[in-house]
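Everything on this sheet refers to the single structure shown next.
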Amino acid sequence: MTDEQSNPTNSSKLQPVEIITPTLIQRPSPLAEFAPEVRAYLSQNPEVAGQILITVLEGLKVEQEIKRQELTLVADRQRQEFDLRSKELDNKANLETIRETRLAEATQSSRNTTRLIIGAISFAFATSVGCGVFIKDFSLADKVFTGAMAALGGSGLAALNQKKDQDAEKK
């Protein structure tokens, strides 16, 4: 098993997820900005000064609500990006697991087929040797042995060519 097969994180080249938290910019209070005008109206016309203060406070509330909504939107977007990235990583890991499982199944199937072929050839050779003992002619056993070796050599070459083709496809 190669390093790529045993360690799926190397083959997928993961990138770190960066979580950005917005910082609030502190501005001076509008009350401090309008303080001289409000002082002047407080002594001359308290009702107008009260209206000015109420308007400024309502503007502050609206501004704070807008900031809160912006922060909520930014946090939602970051959470969605994080969830999407997590799903991508999970899908990559699942695909790697499936690929490794299929590779293991193919390898096991190949081993079973090889064992079956070797068993059949061994049985045929043992039968021909047993038959040669009774008949006192070992030419049949010699032919079976030669044919078995030729079949094993041919299947070995076919397997080697198949492996080379698979390696070429991976590159």
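The values are calculated or read from the model by the stated rules, or taken from the named source; none is laboratory data. Worth saying up front: this structure is predicted, and the values here are computed from it rather than measured. In this analysis, Cβ positions are derived from the backbone assuming ideal geometry, glycine residues included, and neighbour counts consider all displayed protein chains. We work out accessible area using only protein heavy atoms, side chains counted, and drop any ligands, DNA or RNA first. Shrake-Rupley method; radii C 1.70, N 1.55, O 1.52, S 1.80 Å.
In region 73-171, the portion of solvent-accessible area held by carbon and sulfur atoms comes to 63 percent [1.4 Å probe, whole percent, DNA, RNA and ligands not counted]. Solvent-accessible surface (1.4 Å probe) assigned to Leu73 amounts to roughly 120 Å². The chymotrypsin sites (Phe, Trp or Tyr not before Pro) of region 94-171 meeting both criteria, a DSSP state outside H, G, I, E and B (loop) and at most 16 other C-beta atoms within 10 angstrom of the site's C-beta, are Phe138.
The label-point distance for Lys67 and Ser155, in a model that sets each label 7 Å from Cα toward Cβ, rounds to 7.8 nm. Remark: spin-label model distance Asp76-Gln166 equals 4.9 nm, labels positioned 7 Å along the Cα→Cβ axis.
Spin-label pair Gln108-Lys143: with each label point 7 Å from Cα along the Cα-Cβ axis, the two points sit 4.1 nm from one another.
Each other residue within a Cβ distance under 14 Å of Thr107 adds +1 if Lys or Arg and -1 if Asp or Glu, for a net charge of +3.
Solvent exposure of region 72-171 amounts to 80 Å² per residue of accessible area, where only protein heavy atoms count and the probe is 1.4 Å.
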